[in-house]
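Shown next, in structure tokens, is the structure this report addresses.
The values are calculated or read from the model by the stated rules, or taken from the named source; none is laboratory data. Just so it is clear, the model here is predicted, and its values are computed rather than measured. Cβ sites come from the backbone with ideal geometry, for glycine too, and all protein chains shown count toward neighbours.
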Amino acid sequence: MNAVVSGKLAFYAEGNAGFPAVGDWVMLDREDDSSGHAVIHHILKRKSLFTRKAAGREQMEQVIAANIDTVFICMSLNADFNLRRLERYLTIAWDSMATPVVVLTKADLCADPKQKWNEVTSAAIGVDVVLCSAENSDGLDVIRNYTLPGKTIAFIGSSGVGKSTLINRLMGQDILAIKQIREDDDKGRHTTTHRQLLLLPGGGLVIDTPGMRELQIYTGDLSKTFEDIEELALGCSYKNCAHQSEPGCAIKLAIENQTLSKQRFESYQKLQREMSYDGLNARQRENEKINHMFGSKAEMKQMFKRIKEIKKR
């Protein structure tokens, strides 16, 4: 069935999130309009919404999918393996209100998959991590445990990590096209070019998404992804500790004792800065740049005033 949104729904929609997305339940009129399409009048209340910041400089939200119960973050155990990117995915997944599960694909191609599993469990605190190989079906039974009747799952990750292959195994037939990865860099060619909702044999629903080359956070809360760091910060001597040169900093001590990875803490700080910056409007961003470069607008004006005086001499 082809459908279009009603004029009223389009008029009152607030941004991209105000329009229907894959996974939405909607109220529609089966009476065809003049173009032969059904008309969507209302989007039912969502229980989850997976979004990211749209590519480019504009501060716009891009909706990936709605009403997901479990989101499988797929990362292959080859050149795609990247804990810092995984932390981004986890932040977006937790913010969506869906339950994240990390799927480590192509385990059969990794010399030491258990070591990679340990690395991921240290970064994905409180999240199930599944070692999987679609070629020999390892881990598929674990994933099937999430595909309950009436539940919706989704697979996200870079292109070439094996999302379409996993879905084909769950479907029991080759529904989705699959292409080989590029041999020079282990990157995948985009096979899935649009999002779609499929009915699984057991009654569950699965959403396939295109590979994501760019993953920027639109909104998010780092407290779940970096629960270990936020708990450590409670032990700092000063409540406003910046974790730089302050005495009694629990974060610095943990890094020195190697109980906290320096790279993980730097990733936490980077995401904090990114989210803080993206939350500002254009005028605020300009002021933020000025404050960073000159201290304040007043100091900037003073500097330009001094430059003019020097030029007059």
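Figures for the structure shown
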| item | result |
| --- | --- |
| Any chance F72 is more than 17 Å from A154 (Cα to Cα) and either buried (at least 23 other Cβ atoms within 10 Å of the Cβ) or among the hydrophobic types (A, V, I, L, M, F, W, C) (or both) | no |
| Residue match in region 252-275 (condition: modelled with pLDDT of 95 or more, farther than 18 Å from A123 by Cβ and among the hydrophobic types (A, V, I, L, M, F, W, C)) | yes |
| Search result, residues across region 114-150 that are closer than 23 Å to K224 by Cα and either assigned to a loop (DSSP other than H, G, I, E, B) or of a type in the set (A, V, I, L, M, F, W, C) (or both) | W117, V120, A123, A124, I125, G126, V127, V129, V130, L131, I143, Y146 |
| Test: D186 is at pLDDT below 75 and either touching a helix residue (DSSP H, G or I) at 6+ places or on another chain (Cβ under 8 Å) or part of a loop (DSSP other than H, G, I, E, B) (or both) | yes |
| Single match in R52, R46 (criterion: charged (D, E, K, R), surrounded by 13 or more Cβ atoms within 10 Å (Cβ to Cβ) and closer than 30 Å to S261 by Cα) | R52 |
| Number of positions in region 238-252 that are within 17 Å of F226 (Cβ to Cβ) and more than 29 Å from the chain's Cα centre (by Cα) | 1 |
| Number of positions in region 101-128 that are of a type outside the set (S, T, N, Q) and either closer than 24 Å to R195 by Cα or not assigned by TED's automatic domain parsing to the domain that holds L200 (or both) | 5 |
| Filter pass, Y268 being in contact with a Ser or Thr (Cβ under 6 Å, 6 or more places away or on another chain) and either closer than 30 Å to I167 by Cα or touching a residue at least 24 places away in the same chain (Cβ under 8 Å) (or both) | no |
| Filter result for I217 (surrounded by 17 or more Cβ atoms within 10 Å (Cβ to Cβ), at pLDDT 95 or above and under 23 Å from R88 (Cα atoms)) | no |
| Subset tally (residues that are outside any helix (DSSP H, G or I), touching a Lys or Arg at 6+ places or on another chain (Cβ under 8 Å) and within 23 Å of Y218 (Cβ to Cβ)) for region 83-113 | 1 |
| Which listed residue, of A55, A79, A65, A13, is out of contact with any helix residue (DSSP H, G or I) (no Cβ under 9 Å at 6 or more places or on another chain) and modelled with pLDDT of 85 or more | A13 |
